[in-house]
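Values quoted throughout were computed directly from the atomic coordinates according to the rules given, and no laboratory measurement underlies them. As the structure is a computational prediction, the values presented were derived from the model and not from experiment. No Cβ is skipped: glycine too gets one built from the backbone with ideal geometry, and neighbour counts run over all protein chains shown.
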């Protein structure tokens, strides 16, 4: 794991965070789990080609969200898959802090129930400290496009990560992003071109979009 993490082009903060959450338990196919490439997640759900993303993509998602990955903040993870980034977010915002005023909150939403069960099992077994406070770290079987709570327009999250491709910015997710918050999303900016984008909502409720790098993701269903 250390050799993999040190090979990634990212910040020292992200590297230290990745080192605290081992990738291997989250991979269904253990062959090549420490290689910088996606790993297949086998489910019976419509054969959608779900994967745990390549480590460099996890690193970039964390890097772009780094300004809001602060102790006590709230993060929403859409399309949480096998739960790797969800666990990283939990570690970053300290969902297990003894002081509830400094304790962060992470909600993972995943539509495939098999992956919800898998990710919960992996985290309970390998990183039980993340689940110490049930209200502060949860992975739920939900339609991510509608946010959580479903269809709420309340600004609840400092950071939102979307781990599936979108043709538009989901309205409810944008509504649930706090002022000053950051959303990371694989967005179809141009025809046949998917781009990892960083969306920031400023204090005046204006939306700023920064295009980063071309990516490949399964669609948000």
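Residue by residue, here is whether (1) surrounded by 18 or more Cβ atoms within 10 Å (Cβ to Cβ); (2) part of a strand (DSSP E or B); (3) over 15 Å from the mean Cα position of the chain (by Cα) holds:
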site	(1), (2), (3)
148	yes, no, no
153	no, no, yes
168	no, no, yes
186	yes, yes, no
196	yes, yes, no
205	no, no, yes
217	yes, no, no
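Working only within the stretch 170-184, note down all residues that are outside any strand (DSSP E or B) and either without any contact (Cβ under 8 Å) to a residue 24 or more places away in the chain or touching a strand residue (DSSP E or B) at 6+ places or on another chain (Cβ under 6 Å) (or both).
Within the stretch 170-184, 171, 173, 176 meet the criteria.
Restricting to the stretch 69-80, count the residues that are in a loop (DSSP other than H, G, I, E, B) and within 9 Å of the chain's Cα centre (by Cα).
Residues flagged as in a loop (DSSP other than H, G, I, E, B) and within 9 Å of the chain's Cα centre (by Cα) within the stretch 69-80 amount to 2.
So, residue 122, is that one in contact with a strand residue (DSSP E or B) (Cβ under 6 Å, 6 or more places away or on another chain), part of a helix (DSSP H, G or I) and over 15 Å from residue 158 (Cα atoms) or not?
The answer is no for residue 122.
In the stretch 121-137, which residues are without any contact (Cβ under 8 Å) to a residue 60 or more places away in the chain, surrounded by fewer than 19 Cβ atoms within 10 Å (Cβ to Cβ) and either in contact with a helix residue (DSSP H, G or I) (Cβ under 8 Å, 6 or more places away or on another chain) or under 20 Å from residue 98 (Cβ atoms) (or both)?
124, 128, 129, 131, 132, 133, 134, 135, listed by residue number.
Could you identify the single residue in 83, 32 that is touching a strand residue (DSSP E or B) at 6+ places or on another chain (Cβ under 8 Å), at positive phi and surrounded by fewer than 24 Cβ atoms within 10 Å (Cβ to Cβ)?
Step by step, each of 83, 32 is checked, and only 32 is touching a strand residue (DSSP E or B) at 6+ places or on another chain (Cβ under 8 Å), at positive phi and surrounded by fewer than 24 Cβ atoms within 10 Å (Cβ to Cβ).
Inside the stretch 1-33, can you point out the residues that are outside any helix (DSSP H, G or I), without any contact (Cβ under 8 Å) to a residue 60 or more places away in the chain, closer than 13 Å to residue 58 by Cα and under 17 Å from the mean Cα position of the chain (by Cα)? I'd like the intermediate steps shown before the answer.
Initially, the stretch 1-33 is screened for residues outside any helix (DSSP H, G or I), giving 1, 8-11, 21-23, 27-33.
Then keep just the ones that are without any contact (Cβ under 8 Å) to a residue 60 or more places away in the chain; that gives 1, 8-11, 27, 29-33.
Next cut, closer than 13 Å to residue 58 by Cα only: 8-11.
10, the sole residue that qualifies.
Has the stretch 47-58 got at least one residue that is within 24 Å of residue 112 (Cβ to Cβ) and touching a strand residue (DSSP E or B) at 6+ places or on another chain (Cβ under 6 Å)?
yes
In contact with a helix residue (DSSP H, G or I) (Cβ under 9 Å, 6 or more places away or on another chain) and assigned to a loop (DSSP other than H, G, I, E, B): is that true of residue 66 in this structure? Steps first, please.
Values: in contact with a helix residue (DSSP H, G or I) (Cβ under 9 Å, 6 or more places away or on another chain): yes; assigned to a loop (DSSP other than H, G, I, E, B): no.
Here the answer is no, as residue 66 does not meet what is asked.
Limited to the stretch 89-99, what total is found for residues that are surrounded by fewer than 24 Cβ atoms within 10 Å (Cβ to Cβ) and either under 19 Å from residue 12 (Cα atoms) or in contact with a helix residue (DSSP H, G or I) (Cβ under 9 Å, 6 or more places away or on another chain) (or both)?
3
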